[in-house]
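I have placed the structure first, in the form of structure tokens, so that the comments after it can refer back to it.
The values are calculated or read from the model by the stated rules, or taken from the named source; none is laboratory data. For clarity, every value in this text was computed on a predicted model and none was experimentally measured. Cβ placement follows ideal geometry from the backbone for every residue including glycine, while neighbour counts extend to all protein chains displayed.
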Amino acid sequence: MQTTRHLSYRPEDVKTSEALVASVAGSGVTFGILPHKEGEEPDLVVISPRQAQGINARIGDTIDVSYVENFPEHAERVKWRAVAVYRKPEPNEKTGPGAKPGEVRKTIEQQVLEIVMEGEVWNRAELYVELFNESFQTLTASEVERARYEAIGHSLARLHDTGSIACAKVYGPGKKNATTLYYAKNTQVLGRALMGLDSTVTEEE
């Protein structure tokens, strides 16, 4: 006698999209940010430790995720839960759920790269305002706001690590750690801009 595996969701309810890995808890529970338009409030998707470990998910990775509405007792905190995850072989743009035909919904990393490559100098707080039309307030930030702020930081770090953008560290008087990190498309743009920057402005990094 054959037995069928009981699913905790209806297959017809499964949505598929790309997600940006924003944070990984000590327990291995991982959170991803789903694609959204500029100014939209992004949704989080929770990924189980087993799923995250299966693809060696790391903060800043862009992955493909199949997801459904989270269990009722958790849905208010995190709306979606993953039922399957896949590592993307290449960081290609992809049309996400709810997008109009031909409309490309971009990850935070793709938006950050486009903004920086326009030629201005940015720090993480400024990029947050540019993307979400509001400033990031550390003391009152919600979980979603913290996740997307972290995602901007990880996106900047990964883009710098891969040589896509340049980074400059600014130190305040007597400071051993950088007070602010600035990013631009190349070191020439950074060099010209930093000549007039006030290094006493601080930003948590």
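One table, with the values for the structure above:
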quantity	calculated
Residue ranges of helices (runs of 4 or more DSSP H) in region 82-178 with at least 3 members β-branched (Val, Ile, Thr) and modelled with pLDDT of 75 or more	108-116
His74 being more than 26 Å from His160 (Cβ to Cβ) and at pLDDT below 80	no
Residue that is farthest from Arg158 (Cα to Cα), among those in region 21-41 that are at pLDDT below 85 and assigned to a strand (DSSP E or B)	Val24
Pairs with Cβ under 8 Å, 6+ apart, first in region 175-192 and under 18 Å from Ser155 (Cα atoms) and touching a residue at least 12 places away in the same chain (Cβ under 8 Å), second part of a loop (DSSP other than H, G, I, E, B) and of a type in the set (S, T, N, Q)	Thr180/Asn123; Thr180/Ser199; Thr180/Thr202; Leu181/Asn123; Tyr182/Asn123; Tyr183/Asn123
Complete set of residues in region 107-153 that are without any contact (Cβ under 8 Å) to a residue 12 or more places away in the chain, among the aliphatic types (A, V, I, L, M) and out of contact with any Phe, Trp or Tyr (no Cβ under 9 Å at 6 or more places or on another chain)	Leu139
